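Step one of this worksheet: look at the structure below.
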Amino acid sequence: MGRFWAIGVGPGDPELLTVKAVNAIRRAHVLYHAGPQPDHGRAWGIIRDLVRPEQEIRVLFGEGMREAARDDRAAYRPAVERIAADCRRGLEVAAVTEGDPTLYSTASYVWQLLAERHPDVPVEVVPGVTSITAAAARVGWPLAQVDDMLAVVPAAYRREELRDVLARFDTVCLLKVPQALPAVGEALAEFGPGREAVYIENVGAANEWVTRDLAAAAGRDQYFALVLVRRTGPASRGRQHPEEATQPGKLWVVGLGPGDTRLLTPHAEEALRRAEVIVGYEAYTAALKPLGLSAEVRGSPIGAEAERAALALELAAQGRRVALISSGDAGVYGMASLVLETAERTPGVEVEVVPGVTAALSAAALLGAPLGHDFACISLSDLLTPWPVIERRLEAVGQGDFVLALYNPLSSRRTWQLPRARAILLKHRAAETPVGLVDRAYRPGARVWLTTLGKLTNEGVGMETLLVIGSSQTRVINGRLVTPRGYGADR
């Protein structure tokens, strides 16, 4: 049994061929390339000086590349069947492709279809230098450094998404650009000097052409062309809506949800992307890194909420677009009330509160459905609320038979409040009342566990733990905490 090799031969310069690619090409009995003729084609031009007279040269299909791409599987199937037959005869067969075989490559269709239809034929993929890295080297741009985010986008198929991609990523490589150049130009225009772009066609080949004037590339219709885009500095980062150019500053108070970016609402993400400055507790700002936001970040240590609110309002009063972030929902033990109180001293600043998934709801989802009937939320932190007030509220919740969501149950310095709250509730509820605990909901290291009010201790509980203490109707069903929607016997 012979072997099939899918070989990346780089972007165009034969000196960029890898040693492994050269050895595999020389070893092959049969060589395929995309054509259009056995002795003519881009990949063929890269390897022709390596080819021996006794090697058989074939094309993958008879029609041009773009026409074949309309029906990939049908176009490649005759070649795949012939490759399989040759390998079973003991021949070494290779298909050479520009760039790398795993990235928008003709060869990828071949080896995938071959593996699907003829799984007994051995396949080896030989990586190659991509046009992306070659183009970046040609213009002297690092594609990504430290925590930069890099995107590779087929522009012809993603025209409507170009603005969002350019806003989100530090460096963007746009492939398949000839027909999309007008859309690329329009998207870049919104960023002004905040983005730098370069157009490169046929990188590494004799007919290579490079320009930083995208308008000059219009109409060239070169299939092997790409555009690299990068940020040019923090001062001009971020997408600016045209109507924002003359508007005064604005402050969004944004609830981030429990921490998983999948639970960040679209409204919240839009506010974060429109913001020029993001202000918040440094652990929350660090959690936003996966979003690739372009705003300036003003993170600060835990505490100092009043200072953060004042800073956010001050920046907005200067005409900047500011997002002040809060975990969960900004209006539930969050920054919203503090900002709106402080805003009385800063008239003229527009403040919008953007809701988020609060901790009680995210914890409830992980526990089951414990909030199916009336419930109350109480924070056990007495930093802002006197403990006698908290005790009166715990008594009222116990007497009223509410399900109770407890926020801020414990800290390194506050260790007695949770046992005291348990004692108060046990005056009104059975020791067997189910209790659900969720620590770090929807974040790495999250824990979910059940106990009862009688067995509840401080073990495993911290500032990031939320407790749901059931009512007289709450029960455990198949390991899930459930509060029925009514008290009737027929429920």
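The values are calculated or read from the model by the stated rules, or taken from the named source; none is laboratory data. Quick caveat, the model's predicted, so the values are computed rather than measured. Neighbour counts are summed over all protein chains in view; Cβ atoms, including those assigned to glycine, are modelled from backbone coordinates with ideal geometry. Ligands, DNA and RNA are stripped out before the accessible areas are found, and what is left, the full protein with its side chains, is counted by its heavy atoms. Shrake-Rupley method; radii C 1.70, N 1.55, O 1.52, S 1.80 Å.
Kindly check whether there is at least one residue in region 123-136 that is of a type outside the set (A, V, I, L, M, F, W, C) and farther than 22 Å from A21 by Cβ.
Let us first name the residues in region 123-136 that are of a type outside the set (A, V, I, L, M, F, W, C), namely 124, 127-128, 130-131, 133.
Retained after the next criterion (residues that are farther than 22 Å from A21 by Cβ): none.
No, the conditions are met nowhere in region 123-136.
Starting from residues that are touching a strand residue (DSSP E or B) at 6+ places or on another chain (Cβ under 7 Å) and of a type in the set (G, A, S), keep the ones in region 187-203 and report whichever is most open to solvent (accessible area, probe 1.4 Å).
In this case the residue turns out to be A197.
Taking the residues in region 465-482 that are β-branched (V, I, T) and open to solvent by less than 70 Å² (accessible area, probe 1.4 Å) as candidates, determine which candidate is farthest from I302 (Cα to Cα).
I477
Under 6 Å between Cβ atoms, at least 6 apart or on separate chains: pull out the pairs that start in region 39-62 with a residue that is touching a residue at least 40 places away in the same chain (Cβ under 8 Å) and end on any residue that is surrounded by fewer than 20 Cβ atoms within 10 Å (Cβ to Cβ) and of a type outside the set (A, V, I, L, M, F, W, C).
Partner pairs satisfying both residue conditions: I46/P14.
Output the residue which, of all residues in region 236-247 that are closer than 22 Å to G280 by Cα and either part of a loop (DSSP other than H, G, I, E, B) or at pLDDT 50 or above (or both), is least open to solvent (accessible area, probe 1.4 Å).
Only one residue tops the list, namely G238.
Quick one: in region 427-464, of everything that is open to solvent by 70 Å² or more (accessible area, probe 1.4 Å) and acidic (D, E), which residue is farthest from G257 (Cα to Cα)?
By that ranking, first place goes to E432.
Filter region 325-355 down to the residues that are surrounded by fewer than 17 Cβ atoms within 10 Å (Cβ to Cβ) and within 18 Å of A295 (Cβ to Cβ) and list them by number.
E350, E352
Between a residue in region 439-453 that is in contact (Cβ under 8 Å) with a residue 40 or more places away in the chain and any residue that is in a loop (DSSP other than H, G, I, E, B) and of a type in the set (A, V, I, L, M, F, W, C), which pairs come within a Cβ distance under 6 Å, given they are 6 or more apart or on different chains?
Taking only residues 6 or more apart or on different chains, the pairs are R440/A446.
For every residue, the table says whether it meets (1) farther than 27 Å from L384 by Cα; (2) open to solvent by less than 30 Å² (accessible area, probe 1.4 Å); (3) touching a Pro at 6+ places or on another chain (Cβ under 8 Å); (4) assigned to a helix (DSSP H, G or I).
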position	(1), (2), (3), (4)
I278	no, yes, no, no
Y284	no, no, no, yes
S294	yes, yes, no, no
I302	no, no, no, no
E314	no, no, no, yes
A323	no, yes, no, no
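Could you count how many residues in region 448-484 are touching a Lys or Arg at 6+ places or on another chain (Cβ under 7 Å) and part of a strand (DSSP E or B)?
1
Residue by residue through region 382-391, note down the ones that are surrounded by fewer than 12 Cβ atoms within 10 Å (Cβ to Cβ) and either of a type in the set (A, V, I, L, M, F, W, C) or farther than 15 Å from W416 by Cα (or both).
Result: L383, L384, V389.
Would you check which residues across region 248-259 are over 17 Å from V279 (Cα atoms) and either surrounded by fewer than 17 Cβ atoms within 10 Å (Cβ to Cβ) or aromatic (F, W, Y) (or both) and list them?
Scanning region 248-259 gives a single hit, P248.
Pick out, from region 78-168, the helices (runs of 4 or more DSSP H) lying fully within it that include 1 or more residues that are within 24 Å of the chain's Cα centre (by Cα).
Hits in region 78-168: 131-139, 162-168.
Looking at (1) surrounded by 20 or more Cβ atoms within 10 Å (Cβ to Cβ); (2) without any contact (Cβ under 8 Å) to a residue 40 or more places away in the chain; (3) not in a strand (DSSP E or B), find the lone condition where I424 falls short.
(1)
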